[in-house]
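Everything below concerns the one structure shown next.
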Amino acid sequence: MTQEVLPILASDRLMLDRQVAALYGILCEIYGTEKVVLRASKLEALDLIRSEDLAARVLALEKLIYEDPTINTLPTEEEIPQILAALQEEIADFIARRTVEEKLEQRVAERLQERHEEYLQEVRRQIIKENNGPENAQTLKKLAVLEKMSRVTLSRTALEALRPQRLEEIVGQEEAVQSILAKLASPFPQHMIIYGPPGVGKTTAARLALEEAKKISTSPFKAGAPFVEVDGTTLRWDPREVTNPLLGSVHDPIYQGARRDLAESGVPEPKLGLVTEAHGGILFIDEIGEMDPLLLNKLLKVLEDKKVEFDSSYYDPGDENIPRYIKKLFEEGAPADFILIGATTREPEEINPALRSRCAEVFFEPLTPAHIQTIVKQAAGRLGVKLEPAVPELIAEYTIEGRKAINILAEAYGLSLYEQQRKKGRRRRLITASHVRQVLRNARLTPFTLIKARETMEVGRVMGLAVAGFVGSVLEIEAVAFPAREPGKGSIRFNETAGSMARDSVFNAAVVYRLLTGDDLYNYDVHVNIVGGANIDGPSAGLAITAAIISAVQGRPLRQDIAVTGEISIQGKVKPVGGVLEKIYGAKQAGMKMVLIPAENAAEVPESLKGITVRPVANVAEALEYLMPATRAGNRRRSKAGA
């Protein structure tokens, strides 16, 4: 029995010896032979390693692998296989951990190297920025290009060079300019709305009036009072409140790009608007009638409070990082105490009632041909050129805008200079009528007033008056009458494009004709025509239509240098109409000598009106006495009937 077991035990021992030797070899590969010896010496296992006893060498392995010097119990032969298996597992775990750690350390080293390089780059950039600021080769090149461009300047525009420099140089608006100055020179200046057609000097008058007001001791405006000008058509309200150039806005640190130092600390940054820029001076809004209604309402709130309030969900009053000026803006608002002057080409009825209630209203008049001629002569004097006598009158025929007249003159001036360059000899600064005509042809301009006053008289033709905006014009109305084929079965025709108001005026005229003459207009075929097919918005052409019909039926000629306006009632009375002042200026533009207006509109005619006669009339018969002077004596009986 003993002889059969011994070979197996010897074989197992040999296998165990090899396992122990292999484990020592693995340890030497992991740590190195010298380190294994040093570790064994520290763990008091050096003698055990050198022992020929298998149990001693296994004990030494336990000390080395577990790194525990307190393990001193020699394992029995039965325990050695289990201990070696456990030691193998421990070594395997150690090798696995070491492999993972080596890979991790490698990745950590790589990442550290990358971060190190990025840090070096950042340090380099910071050093460059500290030495050179935000500039680089590209930005410096662009700066050089801009500086080079800024040194190249063209001459000023004609409007800049020829713009009036004193209030006295503004033509045709003496009363309006005086009204503006009076409102600014007072210790209690008023907000204003300036009405008037384009190109008559509204903006220039407001700017010069402020400069003049600064010189008056009673005016509250200081020497440095600003004049801030903006176009109302470009102002829009952003419902997101991202930007508002008029009132100001808040740039939140996350979404709206506040300043970097504020954004990093989460501080919102208020941006001041034009109302604050105009503080202590004038905010001039051109075309204020075109402003966004919501933005206009916000502006009215600023006018009442004299400040702009800011709000932001990012504002924290307890944040110590908020600068004091930002706290002041959020808590007290930005100052906005200014005088508002708005200019518009719209009618007063089209302007926001709330705005009108806060503002005084000033009206600029349309320019007459004489005013345009004066403007042209003044501009020629500033240019240092001579004009042919016909030039001012020629330009005045094609425009009623001072701005447009100056542009025409400036273009003619450039044309004359060009011609002088082509010619040899002495150069003369002279603008001729041919220069102006060439400019007018190139611009495809037509005379502003096609209908002119005549000295002759004509049957069935009368000059009515119309108004569009702040500009009046002459309206040519004609009528033709023939005996009807059968009495009482005549017809009355008129161009339908004139509108329903003109049709009503024609029917009223038929009644008035019968009232004045006792004759029935339906004994005739009558055709009334509004020349040009203009649409008459209102009954103001009634008097003119009645006069044309009476003249056509009775063959009585009418004066062609008198223009008329007024509504007629079926009793022959002349009723008041609107736009009388504009219509009078339109008649002056056409060269009319007289204007007939309703008697109830007489108070609207300014006392300083020159260059035209205005006659109020109460009924059709009175108007006919002026329009048909040759038959005045024969019409006294009819006048009484018309009254």
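Summary of values
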| item | result |
| --- | --- |
| Matching entry among A334, A390, A354 (being in contact (Cβ under 8 Å) with a residue 24 or more places away in the chain and surrounded by 14 or more Cβ atoms within 10 Å (Cβ to Cβ)) | A334 |
| Residue pairs meeting the criteria (Cβ under 6 Å; at least 6 apart or on separate chains; first not assigned by TED's automatic domain parsing to the domain that holds E169, in the stretch 396-408; second basic (K, R)) | none |
| Flag if A563 is out of contact with any helix residue (DSSP H, G or I) (no Cβ under 6 Å at 6 or more places or on another chain) and not assigned by TED's automatic domain parsing to the domain that holds Y398 | no |
| Some residue of the stretch 580-603 being of a type in the set (A, V, I, L, M, F, W, C), within 30 Å of I372 (Cα to Cα) and surrounded by fewer than 16 Cβ atoms within 10 Å (Cβ to Cβ) | yes |
| Strands (runs of 3 or more DSSP E) fully within the stretch 524-643 counting 1 or more residues that are within 42 Å of the chain's Cα centre (by Cα) and modelled with pLDDT under 90 | 524-530 |
| Residues of the stretch 266-287 classified as in contact with a helix residue (DSSP H, G or I) (Cβ under 7 Å, 6 or more places away or on another chain), part of a strand (DSSP E or B) and free of Cβ contacts under 8 Å to residues at least 60 places away in the same chain, total | 3 |
| Yes/no for L48 being touching a residue at least 40 places away in the same chain (Cβ under 8 Å) and closer than 18 Å to L16 by Cβ | no |
| Odd one out for S41, checked against (1) touching a residue at least 12 places away in the same chain (Cβ under 8 Å); (2) hydroxyl-bearing (S, T, Y); (3) assigned to a helix (DSSP H, G or I) | (1) |
| Single match in L140, L184, L112 (criterion: surrounded by 10 or more Cβ atoms within 10 Å (Cβ to Cβ) and modelled with pLDDT of 85 or more) | L184 |
| Output for the stretch 340-350, where each listed residue is hydrophobic (A, V, I, L, M, F, W, C) and under 15 Å from P197 (Cα atoms) | A343 |
| Residues within the stretch 176-207 that are in a helix (DSSP H, G or I) and of a type in the set (A, V, I, L, M), tallied | 9 |
| Boolean, D286 is in the same structural domain as K214 (by TED's automatic domain parsing), under 21 Å from Q190 (Cβ atoms), among the charged types (D, E, K, R) and buried (at least 17 other Cβ atoms within 10 Å of the Cβ) | yes |
| Condition check for V37: modelled with pLDDT of 80 or more and either surrounded by 11 or more Cβ atoms within 10 Å (Cβ to Cβ) or more than 60 Å from the chain's Cα centre (by Cα) (or both) | yes |
| Options T344, T374, T399; residue that is among the β-branched types (V, I, T) and closer than 19 Å to E287 by Cβ | T344 |
| Residue satisfying all of: in the stretch 563-579; over 18 Å from V467 (Cβ atoms) and small (G, A, S); surrounded by the fewest Cβ atoms within 10 Å (Cβ to Cβ) among these | S569 |
| Helices (runs of 4 or more DSSP H) fully within the stretch 288-376 counting 2 or more residues that are among the hydrophobic types (A, V, I, L, M, F, W, C), more than 30 Å from F448 (Cβ to Cβ) and at pLDDT 90 or above | 293-305, 353-358 |
| The listed residue being modelled with pLDDT under 85 and within 20 Å of the chain's Cα centre (by Cα), out of P198, P245, P253, P239 | P239 |
| Unique match (being closer than 26 Å to S186 by Cβ and of a type in the set (S, T, Y)) among S219, S249 | S219 |
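Conditions (1) buried (at least 17 other Cβ atoms within 10 Å of the Cβ); (2) of a type in the set (A, V, I, L, M, F, W, C); (3) under 24 Å from R207 (Cα atoms), marked per residue:
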{"position": "L296", "(1), (2), (3)": "yes, yes, yes"}
{"position": "K301", "(1), (2), (3)": "no, no, no"}
{"position": "K306", "(1), (2), (3)": "no, no, yes"}
{"position": "N321", "(1), (2), (3)": "no, no, no"}
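The values are calculated or read from the model by the stated rules, or taken from the named source; none is laboratory data. Predicted model, so just to flag it, every value in this text is computed and none were measured. Quick reminder, even Gly has a Cβ in these numbers, built from the backbone with ideal geometry, and neighbours come from all protein chains shown.
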